[in-house]
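Engineer: The following block contains the structure, expressed as C-alpha cells.
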Amino acid sequence: MSFNNKEHPWRFAIGGWGAFVVATILFLIFDYNKYLMLGLLTAAIILTIGNAIYVLYTKWKSKEG
C-alpha cells in the first residue's frame, strides 16, 4: 500500500484524533486518569496544529513554484 499525502493531507490529524478517542474510551472503561487523558488530548492538538502548518505550507509552496 503506497502512501500519497497529496490526496489525503489530513490523514495524520484524523489518525491522531481517532487514537485520542479510542484511548479515552479504553481509559474510561478500565482506569479513569484525567491527567493521562489531558496528555493524550494535548498530543492530538499538537499533531493537528503541526499537520495544519504542513498542509498550508505545501499549498503555499505549490502556488509559489
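The values are calculated or read from the model by the stated rules, or taken from the named source; none is laboratory data. Just so you know, these numbers come straight off a predicted model, no measurement behind them. We place every Cβ from the backbone using ideal geometry, glycine too, and count neighbours over all the protein chains shown. Only protein heavy atoms, including side chains, enter the accessible area calculation; ligands, DNA and RNA are left aside. Shrake-Rupley method; radii C 1.70, N 1.55, O 1.52, S 1.80 Å.
Engineer: In the stretch 29-65, which residues are touching a helix residue (DSSP H, G or I) at 6+ places or on another chain (Cβ under 8 Å) and among the aliphatic types (A, V, I, L, M)?
Structural biologist: L36, M37, L40, L41, A43, A44, L47, A52
Engineer: Going by the conditions given, is V21 at pLDDT 75 or above and in contact with a Pro (Cβ under 7 Å, 6 or more places away or on another chain)?
Structural biologist: When the stated conditions are applied, V21 does not pass them.
Engineer: Let me ask another. I'd like to verify a number: residues in the stretch 19-60 that are outside any helix (DSSP H, G or I) and open to solvent by less than 100 Å² (accessible area, probe 1.4 Å), how many?
Structural biologist: 2
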